[in-house]
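The values are calculated or read from the model by the stated rules, or taken from the named source; none is laboratory data. Here the structure is a predicted model, which means the values were calculated and not measured. Accessible surface is based on the protein model in full, side chains and every heavy atom, while ligands, DNA and RNA are left aside. Shrake-Rupley method; radii C 1.70, N 1.55, O 1.52, S 1.80 Å.
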Amino acid sequence: MNAITLPTPAELTITPRDRRFGRETAAPRLWHGGCVEATAIYNALSTTFPRGEAFFVESVRAFREGAPPRLAEEIRGFTTQEAIHSREHDAFNKRAADAGYDLSKLEAQVEKRLAVTRGKPPIVSLAATMALEHFTAILAHQLLADPRHLEGAEKETADLWRWHAAEEIEHKGVAYDTWLHATRHWTRWKRWKVKAKVMLYITRNFVVDRTAGALELMRQDGVTGASAWAPLLWYLWVRPGMFRKIAGAWGKFFLPGFHPWNEDDRGLLRSYEASVAPAPEAKRKVRRAV
Ligand SMILES: [Fe+2]
Ligand SMILES: [Fe+2]
C-alpha cells in the first residue's frame, strides 16, 4: 500500500521578506566564531546561491504555463524569494572577497555543474531543482531546529542564514509541486526512477563539491592536509554534524508518497517569525512616533 501524499498546506502563503544584511557593519573574515572550518563551509555554500538560485527560478518558470492558479501563485512567491536570496548572498560573497577570499574556483565549479544540466532537456533542470530544493529545505530545517549550527557566529551574518532558512522551508513544496504538475502524465515508476537517479547524482556532487570548496577556502586561510580535512569532516559529520543529521530526512525522499510537506515544520517558521518580531514595547514606541 502506498503512503498518503500530503500536499502543501492549504493555508500556507509564501511571503517574500525583503531584508538586507551586512550593509552597515563589517563582519570579521572568520565570521563564524573565528572557526576556520565553519566559516569555510558556509562560505562555500553561499558561493553556490547567486547562480544556483537563478537556475532554480528559470527551471521552475519553464513549467509555469498551464499551472493551476494556486501553483502559479506559489511560483510567484518562490521566484521573488529566490531572487532576493541571490541578491543577499551575492552581497555576502562580495564581503567574503573583500575579506580576502578568492571564490573564483568555487564559482567555476558551480558554473560547470549548471552547464551540464542546462545541456539536457528542461525537465532534467526541473528535477535537479526539485532535488536541490529538498536538500536546501532539510538543511534549513536543521539550521533552525538546532541553534548549535550558528553558535558563536557574528549576529547579522547568522540572521542572514536564519532568514534564508525560514524562506526555504516556506517555499519547499513549490519545485516539487511543479515537478508533479509537469510529470502528471508519467507513470509513477518513471517519475520515481528519474527523481531517484537525479537525487543520487545531485547528492554526490553536493557533498563532494562543498567539501572541496571548503577545503580550498581553508587552504586560503593557511590550513591544509589533515589539519584541514579532519576538523572539516568532524564539523560536517560529527559535531554539530549537519550532514549526518539530515541523512534521515534525505532518505525519505525515496519513499513512495513522498512530499516535502509530509514533514510539517511550520513550527520552525513561527519560532523564526517570533524571534525577529519587534518587542511589544518597540512596537508601541513606533506607533507613538507615527
Ligand atoms: Fe533560497
Ligand atoms: Fe529555495
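Odds and ends about this structure:
- Region 38-126, Rg to Rh (Cα coordinates; Rh as Kirkwood inverse mean 1/r): 1.05
- Kirkwood hydrodynamic radius (C-alpha pairs) into Stokes-Einstein, region 52-99, 37 °C and 0.692 mPa s, D in µm²/s: 278 µm²/s
- Here the chain has 60 percent of its accessible surface on carbon and sulfur atoms, given a 1.4 Å probe and all protein chains in place.
- Diffusion coefficient, µm² s⁻¹, Stokes-Einstein with Kirkwood Rh over alpha-carbon pairs of region 95-229 at 37 °C and 0.692 mPa s: 191 µm²/s
- Listed pairs K120/K193; K105/K155; K94/K245 exceeding 25 Å between Cα atoms: K105/K155; K94/K245
- Solvent exposure of S275, expressed as accessible area, is near 80 Å², computed with a probe of 1.4 Å over the protein chains only.
- At least 24 Å along the helix axis (C-alpha) and Kyte average at least -1.0, DSSP helices within the chain: 36-61, 122-145, 188-220
- Translational diffusion coefficient of the chain (Stokes-Einstein, Kirkwood radius from Cα pairs, 20 °C, 1.002 mPa s): 107 µm²/s.
- Percent RCO, i.e. relative contact order, over the chain, from Cα pairs under 8 Å lying at least 6 residues apart: 31 percent
- Extended-chain gain in nm, criterion 0.36 nm per residue less alpha-carbon gap, A115 and A62: 17.4 nm
- Mean accessible surface per residue for the chain, computed with a 1.4 Å probe while every protein chain stays in place, in Å²: 49 Å²
- Shape of region 144-290, Cα gyration tensor, a/c cut at 1.5: oblate
- Potential extension, E151-A72 segment - 0.36 nm per residue separation minus Cα distance: 24.7 nm
- Counting only heavy atoms of the protein chains and using a 1.4 Å probe, K105 has close to 130 Å² of accessible surface.
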